[in-house]
Amino acid sequence: MTKRIFQAIVIITVLGMITPRGYSQEHPASKDSLNRKWWKEAIVYQIYPRSFKDNNGDGIGDLKGIISKLDYIKSLGIDVVWLNPIYSSPNDDNGYDVSDYRNIMKDFGTMDDFDALLKGLHDRGIKLVMDLVVNHSSDEHEWFKQSRSSRTNPYRDYYHWWNAEQGKPPYRYSLFDVNHDAWRYDSLTNAYYLHYFSRKQPDLNWENPKVRTEVFDMMKFWADKGIDGFRLDAFQFAAKDTTFPGFPPGFEKHFSKYYAMQGNLHGYLQEMNKEVLSKYNVMSVAEGAGNTPEDAHNLVDADRHELNMAYAFEGVDIAKRGGYSLLHFKEVFSRWHSTFAEKGWLSIFLANHDQARLVSRFGNDSPQFREASAKMLATFLMTMRGTPYYYNGDELGMTNAGFDKIGDFRDVQTLNEYKHQQSIGADMSKYMHQIAFESRDNARTPFQWDGTANAGFTTGTPWIQVNKNYTSINASAEEKDPNSVLNYFRKIVKFRKDNLVLVYGKYKLLDKDNPDTYSYTRELDGKKLLVMLNFTNKNAATHTGIDMGKTKMLIGNYEHPSDNDTLRAYEAVIFELK
Ligand code: BGC
Ligand code: CA
């Protein structure tokens, strides 16, 4: 069974062998020694434009829709919006196949709408980070049209071609292709082109200096408009060994080892930093961070002048269909923390548009525990060291889609894998179970604004079905309820913003072997907070060794939070140590 993309991009190999660097107990962080940056102190809210709010009734979310919800976005207390791609695209992969990097996708609106959105965000003190999708373009991009037209076209070398008279190229695994073959034969010039993702996403050739110049100019175009950052999509795969050596059989099970951080990747990033990033007050985040914490460090070590923060998958990949072990969870987050304690910076997240819903995967989406567990997870994400990323809808505790027919799904990866499984005679009911839990579409159903038709997302027919639970789970109902997931989210966001210790403070894991609860302290300049989280649906005791008589309860996800070391189901409490 082929694994999902992000399970596969997981960073497992040598992690355990690496000794935590510079995690010093003796020198707790101090405010004066901090290298303070706005992007370290920010909370990022991710918007999936296609599913956020439709303004013109065509069933597809759009920029005007986002503009109409700016006050809601502001009310969350977040500082940065990260928008998934909004550039012109034939939408083979919902915008991750860009056909014009300097224009807005027709479904989403116009450049005027974009300018209004940017201004609307900035007027409210919110920054905007854009997706930068340059490992590949769309096959409908003018560069690719030129490139495939003849072997001598000046754009030929913008992509990777393998002439067929050399025989078949060495196998390369494709994540989204129906056959998982990353080489696609094109009879027009009797050659194969490379696509790590779908056939409609040919990989750009970063060895070509013209490609790099085009990309850097395009980045300047957006930075000159005043955007505040770039999220580098799949960029860890951008550099390739273009002699295309054979890889060992079965390499696709560990393809990240062969695809990530190859060749001159760091050189390209240093050039990007010199040409673009260093010239603007923008943040940059690497999606995927190689195969080891060392790889991740090398992307974001400030002395190397590459990117600002890593976005690594090991944490998000822990949750599987059958659940996950909290001990494993604690070990992974503690290890990543310790290797970044002194240098570099991490993103903290458990969900995005490529994963199933936060509460369905990491919490408990049953009616009894959905709210408590969603709030508990928010508490975790807002109290770790690193920049928190929160995916739209998770602040309401939105749940998985509940689709059980293949016709309900829209995602290219899910649909192509369905065809692939069929072609190899796989047990399709097993596949349906798998995607019910894992498909990326789980997180892509329309945002649930209210209890009216289609959850108030559209007056038309939504491009993907609304989750049936929208009549009870929606923003409007949650606004009115002081104890809703939404209102707790606002509270815990504000709590993080008010406590610099949660951004920079030293993290220390307590009660390490407790399989039910996660407890840690954060400490900065003499201020010490204790966070206690119950990850189970039962009462659970913690054994932190801290005298609870010497603590003061500050905030919790229950109406009357616990003031001692026993937590109720999915309870989260933060104390100050006196
Ligand atoms: C994005 C996916 C996308 C893929 C190809 C990923 O990293 O997050 O949504 O399908 O890159 O661009
Ligand atoms: Ca629309």
Point to revise | Every residue from region 105-141 that is within 16 Å of ligand 2 (Cβ to nearest atom) and in contact with a Ser or Thr (Cβ under 6 Å, 6 or more places away or on another chain) | key: 105
Point to revise | Identity of the residue in region 103-116, touching a strand residue (DSSP E or B) at 6+ places or on another chain (Cβ under 8 Å) and not aromatic (Phe, Trp, Tyr), that ends up nearest to ligand 1 (Cβ to nearest atom) | key: 105
Check your understanding: Of these, 500, 554, which one is closer than 28 Å to residue 345 by Cβ and either in contact with a helix residue (DSSP H, G or I) (Cβ under 7 Å, 6 or more places away or on another chain) or touching a residue at least 60 places away in the same chain (Cβ under 8 Å) (or both)?
Key -> 500
**Study point:** Selection count, region 178-198, where residues are more than 18 Å from residue 233 (Cβ to Cβ) and either within 25 Å of the chain's Cα centre (by Cα) or assigned to a loop (DSSP other than H, G, I, E, B) (or both)
**Key:** 7
Point to revise | Output for region 282-340, where each listed residue is part of a strand (DSSP E or B) and of a type in the set (A, V, I, L, M, F, W, C) | key: 283, 285, 286, 309, 310
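Would you confirm whether or not region 470-492 contains a residue that is closer than 24 Å to residue 72 by Cα, at pLDDT 95 or above and touching a His at 6+ places or on another chain (Cβ under 8 Å)?
no
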Check your understanding: How many residues does region 47-61 contain that are near ligand 2 (Cβ under 8 Å from one of its atoms) and either within 22 Å of residue 355 (Cα to Cα) or at pLDDT below 95 (or both)?
Key -> 2
Check your understanding: Would a scan of region 385-403 turn up a residue that is under 17 Å from residue 519 (Cβ atoms) and buried (at least 23 other Cβ atoms within 10 Å of the Cβ)?
Key -> yes
Review point. With respect to residue 154, is the statement that it is more than 14 Å from ligand 1 (Cβ to nearest atom), exposed (fewer than 15 other Cβ atoms within 10 Å of the Cβ) and without any contact (Cβ under 8 Å) to a residue 24 or more places away in the chain true?
Key: yes
Exercise for review: State all residues of region 188-208 that are free of Cβ contacts under 8 Å to residues at least 60 places away in the same chain and in contact with a helix residue (DSSP H, G or I) (Cβ under 9 Å, 6 or more places away or on another chain); if no residue qualifies, say none.
Suggested key: 188, 189, 190, 191, 192, 193, 205, 207, 208
Review point. If you go through region 360-371 one residue at a time, do you hit one that is among the hydrophobic types (A, V, I, L, M, F, W, C), under 16 Å from the mean Cα position of the chain (by Cα) and crowded, with 22+ Cβ neighbours inside 10 Å?
Key: yes
Check your understanding: What about residue 452, is it farther than 17 Å from residue 391 by Cβ, within 16 Å of ligand 2 (Cβ to nearest atom), at pLDDT 95 or above and surrounded by fewer than 19 Cβ atoms within 10 Å (Cβ to Cβ)?
Key -> no
Point to revise | Qualifying residues in region 37-90 (those that are polar (S, T, N, Q) and crowded, with 19+ Cβ neighbours inside 10 Å) - the one nearest to ligand 1 (Cβ to nearest atom) | key: 84
Point to revise | Cβ pairs under 8 Å, 6+ apart, first in region 523-547 and polar (S, T, N, Q), second in a strand (DSSP E or B) and surrounded by fewer than 16 Cβ atoms within 10 Å (Cβ to Cβ) | key: 539/566; 542/566
Review point. Is it the case that residue 275 is surrounded by fewer than 19 Cβ atoms within 10 Å (Cβ to Cβ) and touching a helix residue (DSSP H, G or I) at 6+ places or on another chain (Cβ under 9 Å)?
Key: yes
Practice item. For region 433-456, enumerate the residues that are among the hydrophobic types (A, V, I, L, M, F, W, C) and either outside the structural domain of residue 469 (by TED's automatic domain parsing) or assigned to a helix (DSSP H, G or I) (or both). Key: 435, 436, 437, 443, 453, 455
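Could you list, in sequence order, the residues of region 215-255 that are free of Cβ contacts under 8 Å to residues at least 12 places away in the same chain and on the phi < 0 side of the Ramachandran plot?
Passing the criteria: 217, 224, 243, 248, 249.
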Exercise for review: From 234, 238, grab the single residue that is closer than 27 Å to residue 314 by Cα, crowded, with 18+ Cβ neighbours inside 10 Å and in contact with a Leu (Cβ under 8 Å, 6 or more places away or on another chain).
Suggested key: 238
Check your understanding: Is it the case that residue 312 is surrounded by 15 or more Cβ atoms within 10 Å (Cβ to Cβ) and away from ligand 2 (no atom under 16 Å from the Cβ)?
Key -> yes
Review point. Which residues, taken from region 173-183, are away from ligand 1 (no atom under 16 Å from the Cβ) and either assigned by TED's automatic domain parsing to the domain that holds residue 266 or touching a Leu at 6+ places or on another chain (Cβ under 9 Å) (or both)?
Key: 183
Check your understanding: Just for region 60-96: of the residues that are polar (S, T, N, Q) and outside any loop (DSSP other than H, G, I, E, B), which one is farthest from residue 491 (Cα to Cα)?
Key -> 88
Practice item. Return yes or no: is residue 408 over 30 Å from residue 95 (Cα atoms) and either in the same structural domain as residue 57 (by TED's automatic domain parsing) or away from ligand 2 (no atom under 16 Å from the Cβ) (or both)? Key: no
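The values are calculated or read from the model by the stated rules, or taken from the named source; none is laboratory data. Everything numeric in this text was worked out from a predicted model, so none of it was measured. Please note: Cβ atoms are built from the backbone with ideal geometry, for glycine as well, and neighbour counts cover all protein chains shown.
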